Amino acid sequence: MMTLKVCPSLLLLFLVHSVWTRTVRQVYNELDPEHWSHYTFECPQECFCPPSFPNALYCDNKGLKEIPAIPARIWYLYLQNNLIETISEKPFVNATHLRWINLNKNKITNNGIESGVLSKLKRLLYLFLEDNELEEVPAPLPVGLEQLRLARNKISRIPEGVFSNLENLTMLDLHQNNLLDSALQSDTFQGLNSLMQLNIAKNSLKKMPLSIPANTLQLFLDNNSIEVIPENYFSAIPKVTFLRLNYNKLSDDGIPPNGFNVSSILDLQLSHNQLTKIPPINAHLEHLHLDHNRIKSKCVNGTQICPVSIAVAEDYGLYGNIPRLRYLRLDGNEIQPPIPLDIMICFQLLQAVVI
């Protein structure tokens, strides 16, 4: 693998897999310190209550098999890396201010979640249940949720209407579960009007999921078995900016002529597929990952892949509305250097080409 420097400095922009929700510190600041005196500062003996962070309770890595009684003052509850199997209502009777619960890496099953216990946590914004033993998305959920993380479970079913009232949810992470195409119906994501990041990577999908929420900015579908991009698929998600389809089964025949010629997409990742040529792209695209496909050198030239004519790109120069591609990854194909000159003429903002 060789990286070709195209300008004096090499700048690689790494995606931050997050969405714009309130930070812990912002939420923490909403609680006026003058009000802390109204709470008694009891602390469960199994846990740690930091004096400098009085509305947080740390019960992680304690070998707990059940959730202790949560004091009324607690907003942030950390229970990850335990042996907890159940979520019952009793520990949360006084915990009416909870905003954040981390239950990652436990042994929670759907049968272990008491009916309605989660939906009663009216102020909950963040719910982390990664690395458990869930077989379906738990329901019902708190209507105010902003982030729901369910990665690395055994989820194969999404109950009908489970997301319908989650109008504030901005991030939904379902990666590395057992989802088939049949689990994602046309109304599965109905109601997620604020969703910005959807992660369904590492499942068993063969088709692009139906009815992705229109406001989605980041769509992650890596490590599935997707073969075809439907015609005009991205017209229904006009704001999608980051699209990851690495490690699928996409071939040239499975991509419509202008399937990825979408002005909103800035970062397109198609690594480890079965492409033999570079699909048409939009002039707004900034990062393109095509490594480990079957692309040959003869298919890499400016005439074929430049989103505008070479003559137009050359005339615009550095001050015109030229294609914005800055990073191009082509290693793991059947391509030999050097990169053709017309590629450089077309993509005058290129800062790195990896071959």
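With N the number of residues in region 79-192, Rg(Cα) / (2.2 N^0.38 Å) evaluates to 0.99.
Given in Å, the Rg to one decimal and the Dmax to the nearest whole number for the Cα atoms of region 201-331 are 14.7, 47. Shown for the chain: the carbon plus sulfur share of the solvent-accessible area, taken with all protein chains present and a 1.4 angstrom probe, equals 50%. Look at the alpha carbon pairs under 8 Å that are at least 6 residues apart: their mean separation over the length of the chain gives a relative contact order of 10 percent. Sequence-distant contacts, meaning Cα pairs under 8 Å at least 6 residues apart, place the relative contact order of region 215-355 at 19 percent. Here the contact order of region 104-242, divided by its residue count and restricted to Cα pairs under 8 Å and six or more residues apart, works out to 16 percent. Heavy-atom accessible area with a 1.4 Å probe sorts H287, H272, largest first, into H272, H287. Rg/Rh for region 133-246 stands at 0.92; both radii use Cα atoms, and Rh follows the Kirkwood definition. Taking the Cα centre of region 64-133 as reference, the dipole from Cβ charges on Lys and Arg (+1) and Asp and Glu (-1) amounts to some 360 debye. Three semi-axes describe the equivalent ellipsoid of the chain; taken as square roots of 5 times the Cα gyration tensor eigenvalues and ordered largest first, they are 46, 22, 18 Å.
Note on region 149-199: Cα Rg divided by 2.2 N^0.38 Å, N the number of residues, gives 1.08.
In the context of the full set of protein chains, residues of the chain present 47 Å² of accessible surface per residue (probe radius 1.4 Å, heavy atoms only).
The values are calculated or read from the model by the stated rules, or taken from the named source; none is laboratory data. Quantities reported herein were computed from a predicted structural model and do not represent experimental measurements. For neighbour counting, all protein chains shown are included, and Cβ atoms are generated from backbone atoms with ideal geometry for every residue, glycine included. Calculation scope for accessible area: heavy atoms of the full protein, side chains included, ligands and nucleic acids excluded. Shrake-Rupley method; radii C 1.70, N 1.55, O 1.52, S 1.80 Å.
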